[in-house]
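Colleague: Following this message is one structure expressed as C-alpha cells.
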Amino acid sequence: MAGGLVQIPVNIDRSKDVPLQEQLADGIRDLIVQETIRPGMRLPATRALSSQLNVSRNTVKIAFNNLISEGYLESNGTSGTFVCTELP
C-alpha cells in the first residue's frame, strides 16, 4: 500500500478524565474524518508516536487496535499501520 509517513497532530490532555488511549484514538479518528490524514497514508510506528506524544507505547497500541477494529486503520504486519482505503 502506498503512502507517505505522516505526523499525528493530536493533543493529549492528562488533566481530563478521558483515558489517554481514548483521547489518542478520538484524535486520530477526527484527523481521518477531516481528511487531514488520508486513506493509504502510513502512520508513525508505535514507538515513534509514543515518544512524540510522551505516552507509553501500550497507549498507542491500544488506540491503534481500537481504530483497526472500527475499520479506520489496518496493519500490514512489519510494513506498518495505514489508514484504510475504505472507511466506515
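Colleague: With runs of 4+ DSSP H residues as the only contributors, calculate the mean residue ellipticity of the chain at 222 nm using -39,500 (n - 2.57) per run, divided by the residue total and rounded to the nearest 500.
Modeller: It lands at -12500 deg cm²/dmol.
Colleague: In addition: Report, to the nearest whole %, how much of the accessible area of the chain belongs to carbon and sulfur atoms, 1.4 Å probe, protein only.
Modeller: The computed percentage sits at 45.
Colleague: In addition: Please check the chain for the longest run free of GluC sites (Glu not before Pro) that are loop-located per DSSP (anything but H, G, I, E, B) and have at most 13 other Cβ atoms within 10 Å.
Modeller: 36-85
Colleague: Still on this structure: Could you give the accessible area per residue of the chain, probe 1.4 Å, as a whole number in Å²?
Modeller: Heavy-atom SASA per residue in the chain reads 58 Å².
Colleague: OK, next. Could you pull out the trypsin sites (Lys or Arg not before Pro) across segment 1-67 that fall in loop regions by DSSP (anything but H, G, I, E, B) with no more than 10 other Cβ atoms inside 10 Å?
Modeller: Arg14, Lys16
Colleague: Once you list every other residue whose beta carbon is under 12 Å from the beta carbon of Leu53, what net charge do they have if Lys and Arg are +1 and Asp and Glu are -1?
Modeller: +2
The values are calculated or read from the model by the stated rules, or taken from the named source; none is laboratory data. Since we're looking at a predicted model, the values are computed, not measured. Backbone-built Cβ (ideal geometry, glycine too); neighbour counts: all protein chains shown. Note: areas computed on protein heavy atoms with side chains; ligands, DNA, RNA excluded. Shrake-Rupley method; radii C 1.70, N 1.55, O 1.52, S 1.80 Å.
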